[in-house]
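**Q** Take this structure, written in structure tokens, and hold onto it; I'll ask about it next.
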């Protein structure tokens, strides 16, 4: 099995990753809280956020496991990709058909993408920090 060595992430990168994830999630959730939508619509967008986060973290972990030589089934890798794609597609379709201003649609899309990117970075940092404990 091939083990790739990774460097310990800097405190600045770790902080920026956590900050971006938290800001993105809080912005998305405040937007939902203040939205003039029915509760079932708010639940749909909240569930898409959770599903997207889980899919992104799972995909990042799975791809890293493979890179490090750990066995991961093709079915699981495929499920991760499909789940991530489905969460993005479901958000896109929901926003396309929503009776929101274009600026609101853009707000949800951008905060969603920010959260997905940041949560992947946070997951990577958590794993890298576990591999390189502070001295």
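**Q** Of the residues 20, 7, 86, which is part of a helix (DSSP H, G or I) and closer than 19 Å to residue 121 by Cβ?
**A** Every option except 20 fails the conditions.
**Q** Among what's in segment 66-76 and is assigned to a helix (DSSP H, G or I) and over 18 Å from the mean Cα position of the chain (by Cα), pick the residue that is modelled with the highest pLDDT. Even if it seems obvious, please write down each step before you answer.
**A** Of segment 66-76, the ones assigned to a helix (DSSP H, G or I) are 66-67, 74-76.
With the extra rule that they be over 18 Å from the mean Cα position of the chain (by Cα), the set shrinks to 66-67, 74-75.
Details: 66: 92, 67: 89, 74: 93, 75: 96.
Among those that are assigned to a helix (DSSP H, G or I) and over 18 Å from the mean Cα position of the chain (by Cα), it is 75.
**Q** For segment 5-22, which residues satisfy the criterion of being under 13 Å from the mean Cα position of the chain (by Cα) and over 25 Å from residue 65 (Cβ atoms)?
**A** 22, the sole residue that qualifies.
**Q** Do you know which of the residues in segment 1-17 that are in contact with a helix residue (DSSP H, G or I) (Cβ under 6 Å, 6 or more places away or on another chain) and modelled with pLDDT of 90 or more is surrounded by the fewest Cβ atoms within 10 Å (Cβ to Cβ)?
**A** 14
**Q** Checking the structure you have, find out if any residue of segment 44-59 is farther than 18 Å from residue 118 by Cα, part of a helix (DSSP H, G or I) and more than 20 Å from the chain's Cα centre (by Cα).
**A** Within segment 44-59, not a single residue is farther than 18 Å from residue 118 by Cα, part of a helix (DSSP H, G or I) and more than 20 Å from the chain's Cα centre (by Cα).
**Q** Using the structure shown, decide if residue 79 is over 15 Å from the mean Cα position of the chain (by Cα) and modelled with pLDDT of 95 or more.
**A** On the way: over 15 Å from the mean Cα position of the chain (by Cα): yes; modelled with pLDDT of 95 or more: yes.
Here the answer is yes, as residue 79 does meet what is asked.
The values are calculated or read from the model by the stated rules, or taken from the named source; none is laboratory data. Being a predicted model, the structure only gives us computed values, none of them experimental. A quick note on method: Cβ atoms are made from the backbone with ideal geometry, for glycine too, and the neighbour counts reach across all protein chains shown.
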